[in-house]
Amino acid sequence: MRISLALAAAALLLLSLVATLRPHRAASTPPALVVGAAEFARQRNAEADASVARVKAQRDAEHARQRRAETVEALVRAKTRLAALEFTRQRNVEIEASVARVQAAREAEFARQRNAEADASVARVAALRAHDVAVQAVAARIAARMDAEFTRQRNAEIDASIARVAAVRAAEFARARNAEIDASIERIRVLRAAAHADRGAEIATARTSGSAP
């Protein structure tokens, strides 16, 4: 409807311009018609200006709305970006905290394992030392027993040697005594034999002397 009115106003404006360009026909055009056409053209122009103003206002309003919408959209995008950045920052903080907790747990587990290994090593060393002490005690007891057995055997050997020496000495003494006894007996026998011979000679001499005249 606005476009048709604008076309009509334009047509009337063209007619009025044509009328002004043809002065030889001006006398034939009634003044009222000219005034009505001018008023109609003015009204049409006013309506056209108002329509243009409304269109411009609508366009300006639409542009302002679009700008506001773009501004709001930009703000939303910025807020979304900020929210994403904040979420990313929080996630990074959580990840770093989780990594720190895992690292602390690993270090604690490593320290616990190292302490357990150290305790086990200390226990093994203590067990080895206790075993060495026990072995040394057993070795000392065995050495003492061996020393006692060696001493006993040595004493037995010494006693046996002494007994053998004593027996040898006793046998030697007995042999010497027997030899002395035998020699004494032989001397006695010889003396007795000599005395007997002397006695026999005396008896024979006496018999010889007694039988002489």
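Computed quantities for the displayed model
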item	result
Out of GLU96, GLU117, GLU47, sole residue that is in contact with a Leu (Cβ under 9 Å, 6 or more places away or on another chain), at pLDDT 85 or above and in a helix (DSSP H, G or I)	GLU47
Qualifying residue in the range 105-126 (condition: more than 21 Å from the chain's Cα centre (by Cα) and surrounded by 10 or more Cβ atoms within 10 Å (Cβ to Cβ))	yes
Failed item in (1) more than 49 Å from the chain's Cα centre (by Cα); (2) loosely packed, with under 11 Cβ neighbours inside 10 Å, with VAL93 passing the rest	(1)
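The values are calculated or read from the model by the stated rules, or taken from the named source; none is laboratory data. This structure is a prediction, so every number in the text was calculated from the model and none was measured. All Cβ positions, even for glycine, are placed from backbone atoms using ideal geometry, and neighbour counts span all protein chains on display.
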